[in-house]
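Structure first, commentary second.
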Amino acid sequence: MKYLLLIILNILCLFMTFSQTTCIEGDCQEGTGKMLIVYDDGSRCDYEGAFRYGYINGKGIFTCNEYTESGIFKNNKLIEGEYNSSGLYQRGTFVNRVLHGEQCVELKILEDETTIESKGRMVNGALFSGIAIIKVNDGRYEECIYEEGELINCKKNTENSYNREDIDGPEMTIVDVVYIDNQTFVPLSINNIELNILWDTGAFGLVFSRADYQKLLEGGAQLHNLDLSIETVGVLNIPTESYYFILDGVKIGEMTLKNVVCLYNPAFETSLLGFDFFHNFNDVHWKMKLGAISLYK
């Protein structure tokens, strides 16, 4: 009798959760079956899977017009599995309908088609430890690392950042700059192509002129176009278009770099070297009186 009262009580709770339920086939109390749910606003959902004590309990699939839930349910709620809608995909463990636990995955698709993919440990629906990757539909992306609820670092594919694995050479190298007509040039080479790049603190990073970019192509330099562009301001503050690409084999001093984010501007007559380029190194010391740059791996 006590067991029967428990089933009746749970059925009443189920009806309170769902406006109207109809068992279409199977056993929707203690077994497997298929149930139709109709809400007060007229929306309809189907559930097919396991039931226990009159609740949706166990493995099943919950399908509505706007979303689908599949996996393991407890008391009408998804606790482990997948949630899928037109703008949101989630996989992992759930508590009160939000991701909570280890090895969770979430993919959000915004109205402008920007995607945000988060992987790792989730706490109350937020990334606690793991990686978040933001991709914009024009090809730009940003990868951010979280540890214990704190944002540790973000890396964009349009900016240089330090990675020891991208540097081949000694722990430290010294580069002697070249002074010509009160301007400072930094010598470097790519695939044995010797270049003196004008040091311009206002430049993005390593920006190649039309002539030097052509030298790279003719010399067989290893480069990868990102199919991205940005408007930059050149001589006389005239805006021009610059194009992103990744370059390997950049030798400066006794170090050789790979995965260097560069720009190519066909309107520039001189290649430029800005501060962003030096983000590739662990540390940089500029000795102005000696005309030397110390680069640290």
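The values are calculated or read from the model by the stated rules, or taken from the named source; none is laboratory data. If you're wondering where the values come from, they're calculated on a predicted model, not measured in any experiment. Here the Cβ positions follow ideal geometry from the backbone for every residue, glycine too, while neighbour counts run over all protein chains shown.
Can you run down the residue pairs with Cβ atoms below 8 Å, 6 or more apart or on separate chains, where the first is in the range 211-234 and in contact (Cβ under 8 Å) with a residue 40 or more places away in the chain and in the same structural domain as residue 268 (by TED's automatic domain parsing) and the partner is among the basic types (Lys, Arg) and surrounded by 11 or more Cβ atoms within 10 Å (Cβ to Cβ)?
Between residues of the range 211-234 that are in contact (Cβ under 8 Å) with a residue 40 or more places away in the chain and in the same structural domain as residue 268 (by TED's automatic domain parsing) and residues that are among the basic types (Lys, Arg) and surrounded by 11 or more Cβ atoms within 10 Å (Cβ to Cβ), the close pairs are 228/140.
Per-residue answers, yes or no, for (1) within 20 Å of the chain's Cα centre (by Cα); (2) surrounded by fewer than 19 Cβ atoms within 10 Å (Cβ to Cβ); (3) over 30 Å from residue 145 (Cβ atoms):
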{"residue": "58", "(1), (2), (3)": "no, yes, yes"}
{"residue": "97", "(1), (2), (3)": "no, yes, no"}
{"residue": "117", "(1), (2), (3)": "yes, yes, no"}
{"residue": "122", "(1), (2), (3)": "yes, no, no"}
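Which of (1) loosely packed, with under 13 Cβ neighbours inside 10 Å; (2) of a type outside the set (Lys, Arg); (3) under 30 Å from residue 220 (Cα atoms) is the odd one out, the single condition residue 196 does not satisfy?
Among (1) loosely packed, with under 13 Cβ neighbours inside 10 Å; (2) of a type outside the set (Lys, Arg); (3) under 30 Å from residue 220 (Cα atoms), the lone unmet condition for residue 196 is (1).
So is residue 103 polar (S, T, N, Q), within 27 Å of residue 261 (Cα to Cα) and without any contact (Cβ under 8 Å) to a residue 60 or more places away in the chain or not?
No; evaluated as a whole, the condition is false for this residue.
Residues that are of a type in the set (Phe, Trp, Tyr), at least 2 per element: which strands (runs of 3 or more DSSP E) completely within the range 229-297 meet that?
Answer list for the range 229-297: 239-247.
Between residues in the range 144-155 that are more than 11 Å from residue 132 (Cα to Cα) and not assigned by TED's automatic domain parsing to the domain that holds residue 133 and residues that are loosely packed, with under 11 Cβ neighbours inside 10 Å and small (Gly, Ala, Ser), which pairs lie under 8 Å by C-beta distance while being six or more apart or on different chains?
Pairs that qualify, where the first residue is more than 11 Å from residue 132 (Cα to Cα) and not assigned by TED's automatic domain parsing to the domain that holds residue 133 and the partner is loosely packed, with under 11 Cβ neighbours inside 10 Å and small (Gly, Ala, Ser): there are none.
When only residues in the range 253-265 that are over 14 Å from residue 293 (Cβ atoms) and in contact with a Ser or Thr (Cβ under 8 Å, 6 or more places away or on another chain) count, which is surrounded by the most Cβ atoms within 10 Å (Cβ to Cβ)?
Within the range 253-265, the match that is surrounded by the most Cβ atoms within 10 Å (Cβ to Cβ) is 263.
Inspect the range 243-252 for any residue being under 27 Å from the mean Cα position of the chain (by Cα), loosely packed, with under 15 Cβ neighbours inside 10 Å, under 21 Å from residue 213 (Cβ atoms) and without any contact (Cβ under 8 Å) to a residue 60 or more places away in the chain and give the result as yes or no.
Checking the range 243-252: not a single residue is under 27 Å from the mean Cα position of the chain (by Cα), loosely packed, with under 15 Cβ neighbours inside 10 Å, under 21 Å from residue 213 (Cβ atoms) and without any contact (Cβ under 8 Å) to a residue 60 or more places away in the chain.
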